[in-house]
Amino acid sequence: MKERLEQIKTEAMEVLKGLNSLEQLEEFRVKVLGKKGELTLVLREMGRLPKEERPVVGQLANEIRTTLENALNAKRTELEEAALAKRLEEETIDVTVPGKKPAMGKLHPLTQVLYELEDIFLGMGFDVAEGPEVEWDKYNFEYLNIPKNHPARDTQDTFYINDNILLRTHTSPVQIRTMLKQKPPIKIICPGRVYRSDAVDATHSPIFHQIEGLVVDRNITMGDLKGVLDVFAKQVFGPQTQTRFRPHHFPFTEPSAEVDVSCSICHGEGCRICSYTGWIEILGAGMVHPKVLEYCGINPEEYSGFAFGMGLDRITNLKYGIDDIRLLFENDIRFLKQF
Ligand code: DAH
């Protein structure tokens, strides 16, 4: 029996040396030391030994078990360390590998240009005022000196919620709302989304964006309007930009003008963008009509003001050379990525 025990030990030690995975090691432990393992099976037969030999064999068996357990543990540690070393080796992080760029979102070109224009006017002391897109008819038209049945309504046909409520056709009602609740001096710009029932094509969209401006104070003149718009045009389109005022008519301003800037593409030579005129129309403007001031409770004898309104979409297209307004609303990522 002693020989068998010694044999188990010798064989086990031999096999152990050749093991090279933790799974094999565990299998081996069960096979030799487990409840049904070789060593246990031999010890079960101890009963058959003469009484005096049992303690000796028992002690030997225990020694062998301890020896094997120690060897097994040592092997386990060795294999675990090797496995860890291997993982560390495989999972080494090379800090010099260039990073992966995360996909960054960015601002829509309209928002970029809006922020740029806001900055220019904030720099000239304007505040930003906002108002609702669903507006009272009276603020969108009547207080702006466009009574019901006035032909000017035809050019700004829109979507009516009912007889008195509509989707605003311009941001001018924000001027009205501001004058109704604030005494002069007033110096605001009103950016926002506006609506007209226009059919969609390269230059029309039923939804577009405006920025309007309003200044009301004592002694405001058309010279102030020209000065502000000139500074504005030079900042947006470059320092060489000229402005030109052409007489026009708006019900809410008197006198009224349409304002052109010299073409930033051809610098006045004439090109496709400016239809070979050298000038590009960018906004409407004028001195606030005395009736409008009166409707809003401001005395036109004491105060005067100027106002202007421009299309943000048009300015954006001009700045970036975009030739179709629909691109601004389709949200095609390949288009938007370019800005
Ligand atoms: N409200 C006009 C439009 O939408 C633009 C405009 C012209 C606004 C002259 C003004 C202005 O404030 O003074 O067509």
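The values are calculated or read from the model by the stated rules, or taken from the named source; none is laboratory data. Predicted, not measured: the structure shown is a model, and the values here were computed from it. Here the Cβ positions follow ideal geometry from the backbone for every residue, glycine too, while neighbour counts run over all protein chains shown. Just the protein is used for accessible areas: all its heavy atoms, side chains included, with ligands, DNA and RNA removed. Shrake-Rupley method; radii C 1.70, N 1.55, O 1.52, S 1.80 Å.
Descriptive notes on the structure:
- Qualifying GluC sites (Glu not before Pro) in segment 245-324, DSSP loop, other Cβ atoms within 10 Å at most 14: Glu269, Glu301, Glu302
- For Lys106 and Asp323, the difference between the fully extended length at 0.36 nm per residue and the C-alpha to C-alpha distance is 76.0 nm.
- Above-threshold pairs, the threshold being 18 Å between Cα atoms, out of Lys36/Lys75; Lys9/Lys31; Lys183/Lys291; Lys181/Lys226; Lys234/Lys319: Lys36/Lys75; Lys181/Lys226
- Taking amide H as placed 1.01 Å from N in the peptide plane, Thr277 has its amide H under 5 Å from the amide H of Cys271, each at least 5 places away in sequence or on another chain.
- Environment charge at Thr40 (Cβ cut-off 11 Å; Lys +1, Arg +1, Asp -1, Glu -1): +3
- Protection proxy ranking, peptides 225-233, 135-143, average beta carbon neighbours within 10 Å, highest first: 135-143, 225-233
- Across segment 252-339, Cα pairs under 8 Å and at least six residues apart give a relative contact order of 23 percent.
- Förster-model FRET efficiency, 56 Å R0, Leu180 and Lys86, C-beta, rounded to 0.05: 0.15
- With contacts taken as Cα pairs under 8 Å at a separation of at least 6 residues, the chain carries a relative contact order of 14 percent.
- Exposure rank, largest accessible area first [Arg153, Arg54; 1.4 Å]: Arg54, Arg153
- Ignoring aspartates and glutamates fewer than eight residues from Lys138 along the same chain, the ones with Cα atoms less than 12 angstrom from its Cα are Asp163.
- Degrees, to the nearest 10: 53-90 long Cα axis against longest axis of the chain: 30
- Net charge dipole, the chain: roughly 1000 debye, given to the nearest 20, about the Cα centre with Cβ charges of +1 for Lys and Arg and -1 for Asp and Glu.
- Amide proton proximity set for Ile282, modelled H, under 5 Å, gap of 5+: Val259, Asp260, Val261
- Inter-centroid distance (Cα atoms) of segment 75-146 relative to segment 1-60, Å: 68
- Rolling a 1.4 Å probe across the protein heavy atoms gives the chain an accessible surface of 58 Å² per residue.
- Charge tally around Ala307: other residues with Cβ under 12 Å, Lys/Arg +1 each, Asp/Glu -1 each, net -2.
- Summary of packing: across the peptides 172-180, 321-329, the per-residue average of other C-beta atoms within 10 Å ranks them, highest first, as 172-180, 321-329.
- Among the trypsin sites (Lys or Arg not before Pro) found in segment 1-83, those both in a DSSP coil and sparsely packed, with 14 or fewer other Cβ atoms within 10 Å of their Cβ, are Lys35, Lys36, Lys51.
- The fraction of accessible area contributed by carbon and sulfur in the chain is 53 percent, rounded to a whole number (1.4 Å probe; ligands and nucleic acids excluded).
- Between segment 197-260 and segment 153-177, the C-alpha centres lie 19 angstrom from each other.
- Cysteines, the chain, no other Cys beta-carbon under 4.7 Å: Cys190, Cys296
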